[in-house]
Amino acid sequence: MIAAAGDVVRALDAAGFDYALGGAVALAYWGVPRATVDVDVGVAAEPMQLPELFAVLLKLLYGRTKDLADLERLFALHPERLDRAYLDGWVGQLFTAGDPRRLAYESLLARSGLA
């Protein structure tokens, strides 16, 4: 989980957001380790910055290979409920040209009839 916290910190630093880590990650930093399965973070952002913040966090989330598997499960379970505009706007842009996940995403679109 410490590696995931580091990824969040680097992404927020690169985007210029002020933030504070909390929960078990913060406790571990201060020498009181505790098991955890998440990263608690508070981010200082104005309402107009929320789309940028969401984009930073989504890019971080979908940059992990397990998340492509989650997307595949979503396509397999409920393809009729998927919103193509939403997928292209958020997920599709994260899988840029040349990224093998982009080909997998396009294949999922084609198989579900959304292409």
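Structure notes:
- For region 20-34, the condition of being aromatic (F, W, Y), within 13 Å of the chain's Cα centre (by Cα), at pLDDT 80 or above and surrounded by 10 or more Cβ atoms within 10 Å (Cβ to Cβ) holds for none of the residues.
- On the stretch given as region 1-56, residues that are assigned to a helix (DSSP H, G or I) and within 28 Å of D88 (Cβ to Cβ) total 18.
- Qualifying positions in region 35-49 - open to solvent by less than 80 Å² (accessible area, probe 1.4 Å), hydrophobic (A, V, I, L, M, F, W, C) and modelled with pLDDT of 90 or more: V41, V43, A44, A45
- Each residue in region 2-13 was checked for being open to solvent by less than 90 Å² (accessible area, probe 1.4 Å) and touching a residue at least 12 places away in the same chain (Cβ under 8 Å), and 7 of them qualify.
The values are calculated or read from the model by the stated rules, or taken from the named source; none is laboratory data. The shown structure was predicted, so the numbers you read here are calculated from the model rather than taken from an experiment. Virtual Cβ from ideal backbone geometry, glycine too; neighbours counted across all protein chains shown. With ligands, DNA and RNA removed, areas are computed over all heavy atoms of the protein, side chains included. Shrake-Rupley method; radii C 1.70, N 1.55, O 1.52, S 1.80 Å.
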